[in-house]
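Structure record follows, encoded as structure tokens.
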Amino acid sequence: MTKNLRTAAARVRDVGGAGAGAAPLAREQKIELYYYMRLTRTLEERLVNLYRQTKVVGGLFRSLGQEADAVGSAYALDRKKGDILSPLIRNLGSMLVQGAQPLEILRQYMAKGDSPTRGRELNIHYGDLVRGFIGQISQLGDMVPVMAGVTLSFKMRGEDRVGLVYVGDGATSTGAFHEGINFAAVQRCPLVVVVENNGYAYSTPIAKQTAAKQFKDKAIGYGIAAEQADGNDVIAAYEATRRAVDRARDGGGVTLVELVTYRRKGHAEHDNQSYVPEGEIDRWSSSNDPIDRFVKVLTGSEEGVSAAELEAVDRRVTEEIDRATDEADASPMPEPADALVGIYADPPAEQPLWFREGIRAAVEVNERPAGWGTHDA
């Protein structure tokens, strides 16, 4: 582990994440946080199995060890008010919190014809404005200016909504990050920028891509608020982000939230992590696993959650993933003719085209079938 990351991790563990302004979570909500973290990890473990069976198309990007920061931060948003987030490849947990389902995630990774993008895109490169998540752009930092524009629209329309965008530590060195956060700061957009400090930008350690001792210090140059929290403590991640969300909703503008965590897997499954110092991963997994830490909190005397309750959650998660895997595996691959429609001005299909009555004939004669582009009840 780099010296900067080790120092930051020790510091935020000492101060924790609690503070005034964060709404306290009920016991049931804390169990729900555990559910989402366990769901994220189990779903990714299933994806690894499918990847090794060559059933996953393209790359597989794990969030092992980072489940708490994605779940905790997303949980701070208010879906009823229309808050929206932009995830990155290691923020599957945030999408699940916003309402994404394991079945659609599995179909998406497997490039099935009934996946959200009908086999045209991979992993979690898709969005749903109704449920509150926007499809990502792979280029580092590019979603910051996008979300600056999204949240500016909230402000201009007088909507009581907040946006959240995730970036990795490496993305903070890009021009897109600078331009986006600077614009949002000047316009006082209701935006939360979560910097996931996980130690590496692909294979580049923090000390080799920035001289900043901590990423929250970068907020000073933009004139915005900043917080740092332990990203492996789901409650700390929630509370820090909730304060930032409340600040944005109250007209306080942008907040940079640095969540200190660690990437225990490589950039993707093909990355053997040969650049990681010996023993570093073991130290994080043995003493700082976010799920293990939260189990100790939940089963402690203050919360009093029984082992049986958590085991029931684990069984529920396993059953959900098993059902979703069977259904996704049985889903058809895209039909070739489907690639010819919905490319330019055509509205996107809500369902795979071959499910719609008369679609094959319509595609063959280049006609628009009845009900095209409408939402199917």
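A short reminder: the numbers here are calculations on the coordinates, not readings from a lab. Because the structure is a prediction, the values reported are computed rather than measured. Cβ placement follows ideal geometry from the backbone for every residue including glycine, while neighbour counts extend to all protein chains displayed.
Quick notes on this structure:
- Ordered by the number of other Cβ atoms lying within 10 Å of each residue's own Cβ, fewest first, 323, 118 fall into the sequence 323, 118.
- Relative contact order %, the chain, counting alpha carbon pairs below 8 Å whose residues are six or more apart: 22 percent
- Assuming charge only on the beta carbon of Lys and Arg (+1) and of Asp and Glu (-1), the dipole of the chain about its Cα centre is about 960 debye to the nearest 20.
- Structure-based [θ]222 nm, the chain - -39500 (n - 2.57) summed over DSSP H runs of at least 4, per residue, nearest 500: -12500 deg cm²/dmol
- Count of lysine pairs in segment 3-330 with Cα separation under 18 Å (8 or more residues apart, or interchain): 9
- Top of 236, 225, 211 by mean-square fluctuation, Gaussian network on the chain, Cα under 10 Å: 211
- Selected from 110, 333, 37 as most flexible by GNM, with the chain as the system and alpha-carbon contacts under 10 Å: 333
- Using alpha-carbon coordinates, inclination of helix 234-249 to the longest axis of the chain, degrees: 80 degrees
- Loop-resident chymotrypsin sites (Phe, Trp or Tyr not before Pro) (DSSP state other than H, G, I, E or B) in segment 178-217 with no more than 14 further Cβ atoms inside 10 Å of their Cβ: 202.
- Each of 117, 240, 43 was placed along the dipole of the chain (beta-carbon charges, centred on the mean Cα), and the one lying farthest toward the positive end is 240.
- Ranking of 167, 56 by count of other Cβ atoms within 10 Å, fewest first: 56, 167
- Ranking of 54, 318 by neighbouring Cβ atoms within 10 Å, starting from the fewest: 54, 318.
- In segment 209-352, Cα pairs under 8 Å separated by at least six residues give a relative contact order of 16 percent.
- Share, in percent, of DSSP beta bridges within segment 3-330 that are antiparallel, nearest 5: 10 percent
- Within a Gaussian network of the chain (alpha carbon springs, distance under 10 Å), most fluctuating of 286, 73, 138: 286
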